[in-house]
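Colleague: The structure is given below, and queries will be raised subsequently.
Where a number appears in this text, it was derived from the coordinates with a stated rule and is not lab data. These numbers were taken from a predicted model, which means no experiment stands behind them. Quick reminder, even Gly has a Cβ in these numbers, built from the backbone with ideal geometry, and neighbours come from all protein chains shown.
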Amino acid sequence: MPNFTKKEIIQEVSDRLGLTQTMSSKMFHLVLEIITRELANANNVVVRDFGTFETKIARGRPGRNPKDPDKTIPIPDRAVVKFQVGKALKEKVARTLPELESRIG
């Protein structure tokens, strides 16, 4: 499946808003910086109809080394980011099923 890259997003923002690519790039990076800052401060970021980025705790668990499966390695608790899809995005993506099935074959 093709990827839509950061460069392509910046180009489309530039084209649609009539901004330079430099300004579009600065806007894109600023939005990511703000989202990152808020998540790093343990705040959720809600973008209505798109989704919610949440900071959660992934509980520690015992891990295993595939080369030495008898040995248990403790994996500590850690902070992780989870994404919960918004209703509008979920509905739009659900309509892509025929396209996805045709690509897979």
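Colleague: Any idea how far apart Q11 and K90 come out in nm if each label point goes 7 Å out from Cα toward Cβ?
Modeller: The modelled label-to-label distance comes out at 3.4 nm.
Colleague: Can you work out the Karplus-derived ³J(HN,Hα) for every residue in segment 27-34? Use 6.51 cos²θ - 1.76 cosθ + 1.60 with θ = phi - 60°, whole Hz, and x for glycine or proline.
Modeller: Karplus-based 3J(HN,Hα) across segment 27-34 equals 4, 4, 5, 5, 4, 4, 4, 5 Hz.
Colleague: Determine, from the Cβ-Cβ distance of I34 and R61 and an R0 of 22 Å, the FRET efficiency 1/(1 + (r/R0)^6), rounded to the nearest 0.05. Numbers along the way, then the final one.
Modeller: Details: r = 32 Å, r/R0 = 1.47.
That pair, I34 with R61, gives E of 0.10.
Colleague: Where Lys and Arg each count +1 and Asp and Glu each count -1, what net charge lies around R59 among other residues with Cβ under 15 Å from its Cβ? Mind showing how you got there, number by number?
Modeller: On the way: positive: K56, R61, R78, K82; negative: D77.
Every neighbour counted, the sum reads +3.
Colleague: Taking Rg and Dmax of the Cα atoms in Å as the quantity of interest, determine which of (1) 13.1, 36; (2) 13.6, 44; (3) 19.5, 60 was computed from the displayed structure.
Modeller: This structure yields the entry labelled (3).
Colleague: Let me ask something additional. In a GNM of the chain with a 10 Å cut-off on Cα contacts, which of T20, T55, T36 has the highest mean-square fluctuation?
Modeller: T20
Colleague: In debye to the nearest 20, how big a dipole does the chain give about its Cα centre with +1 on each Lys and Arg Cβ and -1 on each Asp and Glu Cβ? The partial results should precede the final answer.
Modeller: Details: 19 positive and 13 negative charges, 64 e Å.
That gives a dipole near 300 debye.
Colleague: Enumerate by residue number the chymotrypsin sites (Phe, Trp or Tyr not before Pro) in segment 1-101 meeting two conditions: DSSP loop (anything except H, G, I, E, B), and at most 16 other Cβ atoms within 10 Å of the site's Cβ. Numbers along the way, then the final one.
Modeller: On the way: sites: F4, F28, F50, F53, F83; in loops: F4, F50.
For chymotrypsin sites (Phe, Trp or Tyr not before Pro) across segment 1-101 that sit outside H, G, I, E and B with at most 16 neighbouring Cβ atoms in 10 Å, the list reads F4, F50.
Colleague: Counting pairs on different chains as well as pairs 8 or more places apart, how many Lys pairs in the chain have Cα atoms under 23 Å apart?
Modeller: Within the chain, the lysine pair count is 10.
Colleague: Using a cut-off of 12 Å between beta-carbons, work out the net charge of the residues near Q84 (Lys and Arg +1, Asp and Glu -1, Q84 not included). Working shown, then result.
Modeller: Values: positive: K56, K82, K87, K90; negative: E54.
Cβ neighbours under 12 Å give a net charge of +3.
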